[in-house]
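Visitor: Quick one: this structure, given as structure tokens, is what I'll be asking you about.
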Amino acid sequence: MTKAPPKHARGRHAKPPSEFTVRWDRMIKNAMGEPGRRRLIVVGTGTASVALLGVAGLAGLSAATGDDRTPRAAVAAQTSKTASPSPNTSADTVAADPDEVPDAMPFFETKDPDKKIVKYVKDVRRSGAFLRVYTDLEEGDENSTPAKSLCEWTTQFLREAGDSAPRVFIHGKSEGNGMVVLANKQSDKDDCGVDETR
């Protein structure tokens, strides 16, 4: 009866393991002997795998775009293609405030080239059916020449723009009373005068 060959016997044509394989096997066995080392190897292997996948992905991206630059340069080029528009272009696309009336000031300046009255105007805004002109005139300036002139000019401005029933308020500043009305036109018969500060 012949003996069965030992389990680890190699066939006639088997090559002996290389020196690198022997060293690698020995290193893994030694490292696996201690639990702490075992964890380090698992973590290290996982990190290396993620890094290799990342490099392979970037290389694939570079190859797909026909880009022969480094992966970092390829990613930067791809990102710049989808970058947001510059501040200059976004400023053009920002919607204007619908309550602002930018054409009013140039109209007032044609009426007052020396800016003796226009200098008091701080803002011109729509408020529903009304056009409000905010000034830095004082509370006591109701029915003054600047207040009434601004009211008349604003009425004309609205009529020339096609408004058949212009409604205008000229406001002045006040310490404790908000923006007081210095002149207004609330109907076609109104002459822009006010009876008292409102």
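The values are calculated or read from the model by the stated rules, or taken from the named source; none is laboratory data. Please read these numbers as outputs of a predicted model, since none were measured by experiment. Note: ideal-geometry Cβ built from the backbone for every residue, glycine included; neighbour counts use all protein chains shown. Accessible surface is based on the protein model in full, side chains and every heavy atom, while ligands, DNA and RNA are left aside. Shrake-Rupley method; radii C 1.70, N 1.55, O 1.52, S 1.80 Å.
Visitor: Is there any pair linking a residue in segment 133-153 that is over 23 Å from VAL101 (Cα atoms) and in contact (Cβ under 8 Å) with a residue 40 or more places away in the chain to one that is part of a helix (DSSP H, G or I) and open to solvent by less than 50 Å² (accessible area, probe 1.4 Å), with Cβ under 9 Å and at least six apart or on different chains, and which?
Guide: Taking only residues 6 or more apart or on different chains, the pairs are ASP141/ALA147.
Visitor: Now a separate question. Can you say whether LEU182 is in a loop (DSSP other than H, G, I, E, B), over 25 Å from ALA96 (Cα atoms) and either open to solvent by less than 20 Å² (accessible area, probe 1.4 Å) or modelled with pLDDT of 95 or more (or both), as far as the supplied structure shows?
Guide: no
Visitor: Pull up segment 161-179, narrow it to residues that are among the charged types (D, E, K, R) and touching a residue at least 24 places away in the same chain (Cβ under 8 Å), then point me to the one that is most open to solvent (accessible area, probe 1.4 Å).
Guide: Among residues in segment 161-179 that are among the charged types (D, E, K, R) and touching a residue at least 24 places away in the same chain (Cβ under 8 Å), the one most open to solvent (accessible area, probe 1.4 Å) is GLU175.
Visitor: Here's a follow-up. Which of the numbered conditions does GLU109 fail, given that it passes all the others? Conditions: (1) without any contact (Cβ under 8 Å) to a residue 40 or more places away in the chain; (2) touching a helix residue (DSSP H, G or I) at 6+ places or on another chain (Cβ under 7 Å); (3) under 16 Å from GLY193 (Cα atoms).
Guide: (3)
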